[in-house]
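In what follows, a structure is listed as structure tokens, so that the remarks can point back to it.
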There are 2 protein chains.
Amino acid sequence: MAEQPANSAPPPAETPAAAPPATGGEGGTISKKAAKKAEAKAKKEAEKARRAAEQAAAAAASASAAQAEDLAKDNYGQETHETKLSADAMEINLKTLGDEHVGKKVELRAWLQNARMQGSKMAFVELREEGNWAIQGVVAASPEGTPVSRQMVKWVGAINPESFVVVEATVQKPLEPVKACRVSNYELHITKCFVHAAAPTVLGMTLAAANRPVANFSDEEVPVEQGVEKLSLASAGDATGIPAASMLTHLDNIVMHKRSAVQQAIADIRSEMKELYRSYLRSHGFKEFEPPCLIGAASEGGANVFRLPYFEKEAYLAQSPQFYKQIEIAGGRKRVFSVGPVFRAENSNTPRHMTEFTGLDMEMEIKKDYREVLDVLEGVLLHMFRNIKERCADEIALVRSVYPSEEFLLPEPGQEVRLTFAEGQKLLREEGPEEFRNVSDDEDMSTPQEKALGALIRKKYNTDFYVLDKFPESARPFYAKEDPTNRKVTNAYDLFMRGQEICSGGQRINDPVELEARIRTKGIDPASPGIKEYVDIFRQAGVPAHGGGGIGLDRVVAFYLNLPSIHLAAFFPRTPKRLLP
Amino acid sequence: MAEQPANSAPPPAETPAAAPPATGGEGGTISKKAAKKAEAKAKKEAEKARRAAEQAAAAAASASAAQAEDLAKDNYGQETHETKLSADAMEINLKTLGDEHVGKKVELRAWLQNARMQGSKMAFVELREEGNWAIQGVVAASPEGTPVSRQMVKWVGAINPESFVVVEATVQKPLEPVKACRVSNYELHITKCFVHAAAPTVLGMTLAAANRPVANFSDEEVPVEQGVEKLSLASAGDATGIPAASMLTHLDNIVMHKRSAVQQAIADIRSEMKELYRSYLRSHGFKEFEPPCLIGAASEGGANVFRLPYFEKEAYLAQSPQFYKQIEIAGGRKRVFSVGPVFRAENSNTPRHMTEFTGLDMEMEIKKDYREVLDVLEGVLLHMFRNIKERCADEIALVRSVYPSEEFLLPEPGQEVRLTFAEGQKLLREEGPEEFRNVSDDEDMSTPQEKALGALIRKKYNTDFYVLDKFPESARPFYAKEDPTNRKVTNAYDLFMRGQEICSGGQRINDPVELEARIRTKGIDPASPGIKEYVDIFRQAGVPAHGGGGIGLDRVVAFYLNLPSIHLAAFFPRTPKRLLP
């Protein structure tokens, strides 16, 4: 037997409940009275059935009439496998929409970020393709009820924001530019609209809230309950009146966090920075390689390193590709670079710390002077800063509209600022704040000292990007090459953005005898695990003088945009308390 | 007082030791006898001093004469801070050396890979810049002893191979092309040669041995003692007579392993493959993102996952960026890709396994058909294969000279081979080896079945690259979307090279209700850690239909070149027994 469709109308009663056949049965023939009675009953029941059938038919007719009233019923609803748009509808891309599309029938797949009714016959929607590329859509009921009916208008106007929809529409020029959308010169007159994937009625965080600056970055905060109305009102006095959420709420609602225009702009800037780094180094003769994450010894001191069981042994997560890029040089390469994750097991819960971030590393042969490396590091960063300003002008402006910041000042070509560490300290002593009057040339700088020096340099040289060279010997690891003319300092440097270090580098010792002596001087046993293998690299065969540097991509992005936290620059920020999602 | 230079000759005695002045002292005036005695003594001492001075002068003269004999003494030796080449020597790059350099004075910094004497007045060296870019250098004693002396020739001819040297030379055309070097049309007539960094007298593995095919890949082998003579003679019958070393010996001598031309060629091919992947996807509207390595739940089943203590909790190393690229799509991106490390804690010690490798991943919105994803995956791989053949023709030829392999066959444009899994099984049943006559359409293939099918497809379609689509439901994870017209199979596929899988992908379920139901069907608790957070992603807001794939870069390189082990394709292969260097 075929299954009966669940919602179909009851079938009309085919036959009246018939009287039992007058066959001989128990007790012989039936009396006339009884027969009459039965006939009356049958008639009655037949009449009842007839009326029920009539009623059902009427109901069915009425339902069909009601349906018939919505002449647009095939033009909207939940998308199914049978949903079809017109074959002649042309796919569009909001970034390339132009006058040639006006009047054309088009198709768009997009997130509906907003819908509102304008009376009962018209609704406006905002359709977003990616980033902040949105266009206004208009659904207006046609007098004849097709292609758009009043029911359709009502239905579209009630779609949950952040649902993904498929629309068919005609491109039109609006009477006035649409202020609410990035695409302001065109609008879509919608003739079909299907929900491809519905958003919930109440979002964990609205798009408007996601686009507000993050209110606080504490990892300690107790997560708030879901629902916009419960978000902390850190900037209640703000003119928008839209509550700002904490970083924890953003991460608990990562889908909405990532959909915000500001996060998409930051992501775009980050990706372009990375690409600019790679393309510059490739065009300067650098070869890409891949250092390992899993390593056999906590070679760089052992502090803040993640350890894990590795079959019968123990493994560590690399804190930097330092040794591995040197192995590439020892292994016959003249210039190498890498882009990849590095790890720090530091239990610091601040907006400046993460446990996993992205390192942009490079290493190269030094021909005559260790400053050749500095030329490349300075060159690649200036290349990134100058080009990002052009390639991502819109994205930078968008980020600034949420997180205001001053223009990142760059030196004029040929006017790059390189001070020695001692010159920096002198500047700090002579022109810096009172508390830094006694800073020493032999000790590393503190973060407040670095920031104060950054402010002095900005004022004096009009740049937010500069180099401090010749760091004191005591402030550098054992592999840093000493200045042969002054052994109190090294051929090592840091590069700064807005008074914060973003790159550390220098010349490395390439002679195993000198290296081993320095390791001893630093109080390290040259036979200890990881160290021994490192020194042995330079014993295997002759290794040319070389140097390099490591740039923190997360820091570059965060400091360039002057973001309040490095966590905003990361795709999936990892902190001691946060590994999800 | 000024410090006396350590090695200076003793100063000539200026004055004879003078007699004490005849001043009045103890005991009154001095007797005449005593005065004469004193005078005689003084004369004697003066004479002694004179003779000493004469001897010293003679010795100094003799030493200087001996030095003068080597008129080239400043043109060779260990490089020091004082070493200077001529200011007019021009830096060259072997790749761009041309006729315009002939007769010019040039400078080259390179690895000396070979040196041999030709009689007592001439030595030949091979100078390598990078990869296999080497040039022949000639050091011939000049009749006048300068700029090149016999001592210099002898010294240069005895430099340890794989030392790094700095030479000054004149570019000349050799009488006959130099067969031993890649640069065969020019040679360097060396006038200065300094050792910048010396190699040891005996290398752990010679360059010639490093350039031979690796003899065996067992991780179990006891490492051999250092020294070429002790290397295993796995291919003793080889015409070169040069012993081949095991993979363990190569890794123990990683500097020499990496200096081999074959490893540098493989590294070049790998880097270009990666760049081709990125540039193709970027030009097709894909945005790069960075998935995390540290994750909070072993979300993809939990088998073969590395665990580590993470402050008060536990963390895991990501086995793939699968969930994270889907979060990017849910987070408002239409097309994303990533390149980065992935980890497998599989205790398999074979040439096909590693614990860390590089994933090339992508994910994209599906507009109308899940095969849109397949178009991109097929497109990017064909782009990589077609371009690598041109960009790295020399490198591929070099690798083939060490590891012979048949040309990697590609389909003609428009003739790409896509079979369904069922069609592949049918081919195997009908035309494959006897043992595969009963293979089923509902079970995943074994490695031998895949290889046999690869051979059949090569014969039938003349390609080593193809797709198997519509994998059975039972062979795919819970997130794979079923074919709505046939629920026994999925909209998921594998891509193959030479009968081996290099990419797995498919459409994902984007509806949380459907996803949760499938998770239950697969016997997984939808509330379990990692799974719950994954399903919740699709509940946060509407997510469009999407799909993607993950390509194993190590496999692509190894299979393209038909290398005997995937370990040869990696920069620092990680295996259960090997984490160093």
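The values are calculated or read from the model by the stated rules, or taken from the named source; none is laboratory data. All values derive from a computational prediction rather than experimental measurement. Virtual Cβ from ideal backbone geometry, glycine too; neighbours counted across all protein chains shown.
Within the range A:322-340, work out how many residues are in contact (Cβ under 8 Å) with a residue 60 or more places away in the chain, within 9 Å of chain B (Cβ to nearest Cβ) and in a helix (DSSP H, G or I).
Counting residues in the range A:322-340 that are in contact (Cβ under 8 Å) with a residue 60 or more places away in the chain, within 9 Å of chain B (Cβ to nearest Cβ) and in a helix (DSSP H, G or I) gives 3.
Take the residues in the range B:473-490 that are more than 13 Å from chain A (Cβ to nearest Cβ) and part of a loop (DSSP other than H, G, I, E, B); name whichever of them is nearest to residue B:456 (Cα to Cα).
B:476
State all residues of the range A:548-581 that are in a loop (DSSP other than H, G, I, E, B) and away from chain B (no Cβ under 13 Å); if no residue qualifies, say none.
Listed by number, the residues that qualify are A:561, A:562, A:563, A:564, A:565.
Take residue B:247 and tell me if it is surrounded by 23 or more Cβ atoms within 10 Å (Cβ to Cβ) and more than 7 Å from chain A (Cβ to nearest Cβ).
yes
Of all residues in the range B:341-363, which are among the β-branched types (Val, Ile, Thr), surrounded by fewer than 23 Cβ atoms within 10 Å (Cβ to Cβ) and assigned to a loop (DSSP other than H, G, I, E, B)?
Across the range B:341-363, the qualifying residue is only B:350.
Could we say that residue A:453 is assigned by the TED database to the domain that holds residue A:495, crowded, with 19+ Cβ neighbours inside 10 Å and aliphatic (A, V, I, L, M) here?
The answer is yes for residue A:453.
Which count do you get for residues in the range A:190-208 that are more than 22 Å from the chain's Cα centre (by Cα) and at the interface with chain B (Cβ under 10 Å from one of its Cβ atoms)?
Final tally of qualifying residues: 2.
Kindly provide the set of residues from the range A:130-152 that are without any contact (Cβ under 8 Å) to a residue 60 or more places away in the chain and in contact with a Gly (Cβ under 9 Å, 6 or more places away or on another chain), ordered by number.
Selection gives A:139 alone.
Can you give me the number of residues within the range B:500-547 that are part of a loop (DSSP other than H, G, I, E, B) and either out of contact with any Phe, Trp or Tyr (no Cβ under 6 Å at 6 or more places or on another chain) or under 24 Å from residue B:488 (Cβ atoms) (or both)?
Matching residues across the range B:500-547 total 15.
Tell me yes or no: at least one residue of the range B:364-379 is assigned to a strand (DSSP E or B) and not β-branched (Val, Ile, Thr).
Within the range B:364-379, one or more residues are assigned to a strand (DSSP E or B) and not β-branched (Val, Ile, Thr).
Do you know which residues across the range B:497-543 are within 12 Å of chain A (Cβ to nearest Cβ), among the basic types (Lys, Arg) and out of contact with any helix residue (DSSP H, G or I) (no Cβ under 8 Å at 6 or more places or on another chain)?
Matches in the range B:497-543: B:532 only.
Is there any pair with a first residue in the range A:251-270 that is modelled with pLDDT under 95 and a second that is among the aromatic types (Phe, Trp, Tyr) whose Cβ atoms are under 7 Å apart and which are 6 or more apart or on different chains, and what are they?
none
Identify, please: which residue in the range B:380-415 is under 27 Å from residue B:336 (Cα atoms) and of a type in the set (Lys, Arg) and is, among those, farthest from the chain's Cα centre (by Cα)?
B:386
Considering each of B:303, B:297 in turn, give the residue that is without any contact (Cβ under 8 Å) to a residue 40 or more places away in the chain, farther than 19 Å from residue A:278 by Cβ and part of a loop (DSSP other than H, G, I, E, B).
B:303
What number of residues within the range B:153-188 are more than 14 Å from every other protein chain (Cβ to nearest Cβ), in contact with a Cys (Cβ under 9 Å, 6 or more places away or on another chain) and more than 24 Å from residue B:203 (Cβ to Cβ)?
Qualifying residue count, the range B:153-188: 2.
Of all residues in the range B:294-313, count the ones that are surrounded by fewer than 24 Cβ atoms within 10 Å (Cβ to Cβ) and at the interface with chain A (Cβ under 9 Å from one of its Cβ atoms).
Residues in the range B:294-313 being surrounded by fewer than 24 Cβ atoms within 10 Å (Cβ to Cβ) and at the interface with chain A (Cβ under 9 Å from one of its Cβ atoms): 11 in total.
So residue A:562 passes all but one of these: (1) in contact (Cβ under 8 Å) with a residue 24 or more places away in the chain; (2) on the phi < 0 side of the Ramachandran plot. Which condition number does it fail?
Single failed check for residue A:562: (2).
Any chance the range A:451-472 includes a residue that's free of Cβ contacts under 8 Å to residues at least 12 places away in the same chain, in a loop (DSSP other than H, G, I, E, B) and over 35 Å from the mean Cα position of the chain (by Cα)?
No: zero hits.
Residue B:316: at negative phi and either more than 10 Å from chain A (Cβ to nearest Cβ) or assigned to a loop (DSSP other than H, G, I, E, B) (or both), yes or no?
Here the answer is no, as residue B:316 does not meet what is asked.
Please identify the pairs in which a residue from the range A:105-116 that is of a type in the set (Gly, Ala, Ser) has its Cβ atom under 6 Å from the Cβ atom of a residue that is part of a strand (DSSP E or B) and buried (at least 19 other Cβ atoms within 10 Å of the Cβ), counting only partners at least 6 apart or on another chain.
If the second residue must be part of a strand (DSSP E or B) and buried (at least 19 other Cβ atoms within 10 Å of the Cβ), the pairs left are A:110/A:127; A:110/A:128; A:110/A:129; A:115/A:125.
In the range A:348-390, what residues are in contact (Cβ under 8 Å) with a residue 40 or more places away in the chain, under 16 Å from residue A:557 (Cβ atoms) and out of contact with any Leu (no Cβ under 8 Å at 6 or more places or on another chain)?
Listed by number, the residues that qualify are A:351, A:352, A:353, A:354.
Can you name the residue in the range A:270-294 that is assigned to a helix (DSSP H, G or I) and in contact with a Lys or Arg (Cβ under 9 Å, 6 or more places away or on another chain) and is also farthest from residue B:282 (Cα to Cα) among such residues?
Once the filter is applied, the top-ranked residue is A:281.
Given the conditions (1) more than 22 Å from residue A:261 (Cα to Cα); (2) part of a strand (DSSP E or B); (3) not small (Gly, Ala, Ser), which single one is not true for residue A:185?
(1)
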